[in-house]
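Each reported figure results from applying straightforward, stated rules to the coordinates on display, with no laboratory input. No experiment lies behind these values; they were computed from the predicted model shown. Here the Cβ is made from the backbone with ideal geometry for all residues, glycine too, and neighbour counts use every protein chain on show.
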Amino acid sequence: MINAALRPLSIGKNEIKNRFIMGSMHTGLEEVPNGFEAMAEYFATRARGEVGLMITGGVSPNEEGRLWPGAICFNQENEISKHKIITEAVHEAGGKIAMQILHAGRYGVHDKCVSASALQAPINIYTPRALSAEEIQQTVRDFIRCAELAEQAGYDGVEIMGSEGYFLHQFIAPRTNKREDEYGGSFENRMRLPLEIVRGIREAVNEKFMLIYRISVADLVEEGSSKDEIIAFAKALEKEGIHLLNTGIGWHEARIPTISMRVPRGSFVWAAALLKQHVSIPVSATNRINTPELAEEIISYGKADAVSLARPFLADPNFVLKAKQNQSNLINTCVGCNQACLDQIFSGEIASCLVNPFAARELTMQLLPSTYKKKIAVVGAGVSGLTAALVLAQRGNEVEIFEQQDSIGGQLRLAAQVPGKEEFAETLRYYTEQLKMHEVKIHLNTSFQLKNFKENYFEEVVWSTGVVPSGYAWEENDGSIPVLNYVEAIQQYKTLGEEIVILGAGGIAMDVASLLTQDSETKEEYLAFWGIDQQLEHRGALQSKQERTPLRKVAILQRSNKKLGNKLGKTTVWSHRTELQQLGVGVFNATKGIRIVGGELLFNSNGIDYVLKPNAIVLCLGQQSTPTHILSLVEEGVPVHVLGGANDTALLDAKKVIREATEWALKF
């Protein structure tokens, strides 16, 4: 039962209906035509889903603070009417919403970026200009003006972004503040700017207007804040009138994963628990909290007063409502993949969600009843077939699934066995429960034939039989070393020998390397492996990393000289590479002349000949569509629709498959 997390929470003189906060996420809707109308429906949908409080994506208070040229900025009265579209929709839906004020500082991707000091961020090509004392005072006025405009636009409060290495944090941390005036040097001086902003906003808005500050507790960079500084700053923020502290974890330039699926759930709850010991205002926990049960544990045990979830509300806007109705089993759980949210934002696309392609497209993708309801057979219970079957059933069609294997899931079930990708088991649980609720029959260990179509009076067939691993044309292979494809390797990984060679360097190869070299991590093992100091005895919460002994010796052979997984999402692939490197996975580039002779693997890498003696070789060289017997159906005039990998293996991943199957089923 979810009880404590559903209790109301007082934030200053305001009250939210429960302890679930939708954390700030930039979606890209902020800068597109009709984007405010789209955002209004996006937020209203989640307000109807009973989210206690929502926080918008970051809004700049002035031109210098923009994230990039043309990024959202709120410093003019003529912008109020657009923001009212959002606030009125949210209030009509029974929700509350705060606007995040975010000054990018040296993270601004433009030549007007500014900071405490003229120090270039390692993730930005631009070097910021250091603000003068007079310009700092103007920036204070800009923050205050932005908050006043937010209040006039109908927002219930603002969250001041002081974490993740953005502008205000750049004044706090000695890493980025090398000033010698009243805004630099001592910690009292370094926290002067954010406190002046908070004080000014508090004096400018009404007493019921919520003031939230996102405070960094674990910077995870050198020359970050110390424990004493964090506690002193938190107390000062409370004294100046902040109503709630939202914990922030890690700078964007930190080389430690903090939100990806590789991070165990609730790994940073300790940060909120630490703050809570030193302030009397509410504190919100954040990062990798994706189930109501975990939220309940955090709040009921007094580790935090609220939980801030961002991506889980992309995955399921009815997250809180389902928890309230004791239907957590029906929640579409965020898997922390970043593929459709952060990766798309960094690629200049509108954010969405791998497991919920409706996210941020609520105006253009709507689940409406089918005009003509039909009886449909779906052949294949991989993610494409499951998605199509569910959407078709949700639209009122009668659907049955036929699967040759003894379980559903296909490639997704394989992925769920990889350390760091266990969350995909939640996706399979979601499909299982939803299909059951919509009365979709699933026939396992069953091959679909023409007689099935005729005997069961189906009207249409969806063919989604997926893919099979690609093979390899050996220059020479005497059979002296076992060769497995990645499916066989995942199924048999516990019995493989001590030394393995993988051919291929994409996402599947990296996953297989992870599976062969490590077990699933606990929170404590994750913190130790990445050198995270949850006692905050070291600045930036950084301490020596704890080495991990790999389970096997693994080498990867790839055809090119590019980095491993060069086509994968930039927000997560770097940490996967780092992890494999620390586990001793060797990489041979530009390999050719690969032969198996007399128990030896011979090959050339960048002009050098090598000889390895692995216990097995695993092929991770892509996929091809499964051989099908679809022709006999077509010849008989059966209406057949081919989806997923059975149709096209180019750039194939779960995000693409789920989105395309959903879009097809909505048009059916």
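Provide, for q = 0.06 Å⁻¹, the log10 of I(q)/I(0) from a solvent-free Debye sum over equal Cα point scatterers in the chain. The Cα Debye sum returns log10 ratios of -0.37. Computed from label points 7 Å out along Cα-Cβ, the spacing between T432 and Q535 is 4.1 nm. Calculated from the alpha-carbon coordinates, the stretch 304-354 shows an Rg and a Dmax of 12.6, 38 Å respectively. Look at V642, V269, V383 and count the other Cβ atoms within 10 Å of each Cβ; fewest to most, that gives V642, V269, V383. For L444 and E293, the difference between the fully extended length at 0.36 nm per residue and the C-alpha to C-alpha distance is 51.2 nm. Basic side chains Lys and Arg get +1 at the Cβ, acidic Asp and Glu get -1 at the Cβ, and with that the dipole of the stretch 232-325 about its Cα centre reaches some 200 debye. The GluC sites (Glu not before Pro) of the stretch 589-668 that meet both conditions, a loop assignment by DSSP and at most 11 other Cβ atoms within 10 Å of the site Cβ, are E636. Dividing the helix sum by the residues of the chain, where each DSSP H run of 4 or more adds -39500 (n - 2.57), gives a mean residue ellipticity at 222 nm of -9000 deg cm²/dmol. For the stretch 471-621, relative contact order (Cα pairs under 8 Å, six or more residues apart, normalised by length) works out to 40 percent. Among the listed pairs K436/K494; K562/K656; K553/K592; K494/K567, a Cα-Cα separation exceeding 27 Å is found for K436/K494; K494/K567.
Close amide-amide hydrogen proximity is noted between G622 and S470, each under 5 Å apart and 5 or more residues distant or on a separate chain (H modeled in the peptide plane; Pro and chain starts excluded).
When you filter the trypsin sites (Lys or Arg not before Pro) in the stretch 194-236 for DSSP loop state and at most 14 other Cβ atoms inside 10 Å of their Cβ, you are left with K208.
Within the stretch 333-434, the chymotrypsin sites (Phe, Trp or Tyr not before Pro) that combine a DSSP coil assignment with at most 14 other C-beta atoms in a 10 angstrom radius are Y372. Between the alpha-carbon centres of the stretch 575-596 and the stretch 1-66 there is a gap of 43 Å.
Neighbour counting of Cβ atoms within 10 Å sorts the residues S267, S225, fewest neighbours leading, into S267, S225. Length gained on full extension, N75 to V109, computed as 0.36 nm times the residue gap minus the Cα-Cα distance: 10.3 nm.
Considering only beta bridges that DSSP places wholly inside the stretch 4-346, some 10 percent are antiparallel. A Förster radius of 41 Å, combined with the Cβ-Cβ distance separating D609 from S632, puts the computed FRET efficiency at roughly 0.25. Charging the Cβ of each Asp and Glu at -1 and of each Lys and Arg at +1, and nothing else, the dipole of the chain about its Cα centre rounds to 360 debye. Binning all Cα-Cα separations of the stretch 216-292 at 5 Å, short to long from zero, yields these whole-percent fractions: 3, 16, 24, 24, 17, 11, 4, 0. Counting only the Cα atoms, the stretch 4-346 fills a convex hull of 119 Å³ per residue. Among W574, W474, a tally of other beta-carbon atoms within 10 Å of each Cβ gives an order, fewest to most, of W474, W574. Each label point was placed 7 Å from the Cα along the Cα-to-Cβ direction; for A232 and D478 their separation is 7.2 nm.
Between the beta carbons of E135 and A650, assuming R0 = 41 Å, the FRET efficiency works out to 0.20 to the nearest 0.05.
Placing +1 on each Lys and Arg Cβ and -1 on each Asp and Glu Cβ, with no other charges, gives the stretch 342-478 a dipole about its Cα centre of roughly 720 debye.
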